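So the structure is just underneath, and the comments pick up after that.
The values are calculated or read from the model by the stated rules, or taken from the named source; none is laboratory data. Because the structure is predicted, anything quoted here is derived from the model rather than measured. Glycine gets a Cβ as well: all are built from the backbone with ideal geometry, and neighbour counts include every protein chain shown.
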Amino acid sequence: MSKLFIGGLAWHTDDDALRTKFSEFGNVEEAVVVKDRDTGRSRGFGFVRYSTDDEATAAMDAMNETELDGRRIRVDKASDRRQGGGGGGGGYGGGGYGGGGGGYGGGGGGYGGGGGNYGGGY
């Protein structure tokens, strides 16, 4: 669980800002703001990966429901890409948010859809 999902990001928050803020809690191996494939604009969410689960847990506990770049963000454990997210029973469109097999955004689970990948193929 060393990878975190960061939701509710401001449109102007970039990879560097995400890395800088989340580095306060440990060694950030990767910080990515997911961008739209066609426009290159932020999709309003991203991922941060830490070296250890303890660092990720500390960041999640400290940063969830706090403000970053003027927006209240949500920090949660990221789903494993290979598992394709949650879903099943209830929710919108067959589980999760957005339908299509669960997860966030639909399309086979995961965040943003696209067959279980984060951000529709990213």
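The C-beta contact set for region 51-78 (first residue within 15 Å of Ala17 (Cα to Cα), second residue in a helix (DSSP H, G or I) and among the basic types (Lys, Arg), distance under 7 angstrom, 6+ apart or interchain) comprises Leu68/Lys21.
Can you spot a residue in region 73-81 that is modelled with pLDDT under 95, surrounded by fewer than 18 Cβ atoms within 10 Å (Cβ to Cβ) and not hydrophobic (A, V, I, L, M, F, W, C)? For region 73-81, residues modelled with pLDDT under 95, surrounded by fewer than 18 Cβ atoms within 10 Å (Cβ to Cβ) and not hydrophobic (A, V, I, L, M, F, W, C): present. Selection over region 1-42 of residues that are buried (at least 18 other Cβ atoms within 10 Å of the Cβ), of a type in the set (Ser, Thr, Tyr) and over 19 Å from Arg71 (Cα atoms) gives a count of 1. Scanning region 27-55 for residues that are more than 18 Å from Gly8 (Cβ to Cβ) and aliphatic (A, V, I, L, M) returns a single hit, Val28. Taken over region 20-33, the criterion of being assigned to a helix (DSSP H, G or I) and either under 16 Å from the mean Cα position of the chain (by Cα) or on the phi > 0 side of the Ramachandran plot (or both) is satisfied by Lys21, Phe22.
Restricting Ala59, Ala10, Ala17 to residues that are part of a loop (DSSP other than H, G, I, E, B) and modelled with pLDDT of 95 or more narrows the list to Ala10.
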